[in-house]
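K.L.:
The structure's right below; bear with me while I get my questions together.
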Amino acid sequence: MSRNRMSLLLAVLAMAVVAVGGFFLAVQPQLAQTAAAHTQTASVEQTNDTSRSELARLREQAADLPAMKRELSTRAASVPDTARLSAFIDELNTIAAASGMQVSSFTASDATAYSPAVTAEPAAAGQGAATPSASPSATAGAATSAPQAPSLVTDAAITGQNFSVIPVTVAVDGSFDQALQFVKGVQGGDRLFLITTISSAEKSGEDGTASSSSSSWTFGGSIYVLDRSADGAATTTATTSANG
C-alpha cells in the first residue's frame, strides 16, 4: 500500500471518528432534550386538561352558589346555633293567630346532649326467650300487613358535643280544624319542631258545660340546636342559651 493511500485511509478514519464524536457530543444531547421537551409538553397538556375540567366544575358550582346559600340559610333557621326561644315563641304566636287560635302556655326544659340511635342487633341463636311458632297463614298475614320500619340513618358529624335537644310543650285553644291548621303551620314553619305527643281537653263554657267548638290542645315535642363553631364546643353553650 502506497504512502498516499495510507494517508487517505487515516484521513477518512479521522473524519469518521470526528463525526461520531460530534454526534455523541452535540446531536444526541439535542435529541434527548427534544424527547424530554415532548414528554414535558404532554404532561403539561394533561395537567391543563385536568385544570380545565376542574374549572368547568367550579363554574357549575358557582352558578349553584346562590341556591346553596338560600338552602343553607333555611337549614340554619330550622336548626339554629343557639336556642332562640323568644323567636320560636313569636313564630308560634304568629302561626296560632293565622289559625284563629291563641297560645295559652309554653314551656321548655333544659337542653340535653344528643344521643345517637343504636340499631338493635338480633339475638344470637340459642339466646333470648323462646317465642311460640305461628301458623303459616298467620305468618303470611303478618308479613303483608306489618309496616316496615325505616332504615336508620346517622351522621358521624352530629354528636352529643355539637347537637342538643330541647323538649318543649305548647298549648293552644281552638277547634279541631284550627288545631289542624296550627300543626300544619308549625310543620311548615322556619324552626324545626318535632311533635311527638298530642292531647286535647274540651273547654267548659260560661254555664259550666263542655264546649264542642273549642278545646285546649297540647303539643309536646323537641326543637334542636346545632353548634357550628369550628372548635366543636360542647353543648353547654346551647344549654346556657336555653336556660337564659
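K.L.:
Filter segment 154-174 down to residues that are in a strand (DSSP E or B) and among the polar types (S, T, N, Q) and give me whichever is modelled with the lowest pLDDT.
P.N.:
Checking each candidate, the answer is SER164.
K.L.:
Which number in (1) modelled with pLDDT of 75 or more; (2) over 24 Å from the mean Cα position of the chain (by Cα) marks the one condition that GLY188 misses?
P.N.:
For GLY188, the failing item is (2).
K.L.:
Still on this structure: So SER104 ticks every box in (1) farther than 30 Å from GLN161 by Cα; (2) open to solvent by less than 50 Å² (accessible area, probe 1.4 Å) but one. Which box is left unticked?
P.N.:
(2)
K.L.:
Since LEU194 meets every condition but one in (1) modelled with pLDDT under 90; (2) open to solvent by 40 Å² or more (accessible area, probe 1.4 Å), which condition does it not meet?
P.N.:
(1)
K.L.:
Which of the residues belonging to segment 175-194 are in contact (Cβ under 8 Å) with a residue 12 or more places away in the chain and in a helix (DSSP H, G or I)?
P.N.:
PHE176, GLN178, ALA179, GLN181, PHE182, VAL183, GLY185, VAL186
K.L.:
Could you identify the single residue in ALA83, ALA124, ALA117 that is in a loop (DSSP other than H, G, I, E, B), modelled with pLDDT of 80 or more and aliphatic (A, V, I, L, M)?
P.N.:
Answer to the selection: ALA83.
K.L.:
Only one of PHE163, PHE176 is exposed (fewer than 15 other Cβ atoms within 10 Å of the Cβ) and of a type in the set (Phe, Trp, Tyr); which?
P.N.:
PHE176
K.L.:
Could you tell me whether any residue of segment 128-143 is at pLDDT 85 or above and either open to solvent by 60 Å² or more (accessible area, probe 1.4 Å) or in contact with a Gly (Cβ under 8 Å, 6 or more places away or on another chain) (or both)?
P.N.:
No - not one qualifying residue is present in segment 128-143.
K.L.:
Would you confirm, using the coordinates I've provided, whether ALA149 is modelled with pLDDT of 75 or more and either touching a helix residue (DSSP H, G or I) at 6+ places or on another chain (Cβ under 6 Å) or within 30 Å of THR218 (Cα to Cα) (or both)?
P.N.:
Considered against the rule, which asks whether it is modelled with pLDDT of 75 or more and either touching a helix residue (DSSP H, G or I) at 6+ places or on another chain (Cβ under 6 Å) or within 30 Å of THR218 (Cα to Cα) (or both), ALA149 comes out as no.
The values are calculated or read from the model by the stated rules, or taken from the named source; none is laboratory data. Since the structure is predicted, the reported quantities are computational estimates derived from the model, not experimental observations. FYI the Cβ positions are ideal-geometry reconstructions off the backbone, even for glycines, and counts take in every protein chain you see. These accessible areas exclude ligands, DNA and RNA; they are computed on the full protein's heavy atoms, side chains included. Shrake-Rupley method; radii C 1.70, N 1.55, O 1.52, S 1.80 Å.
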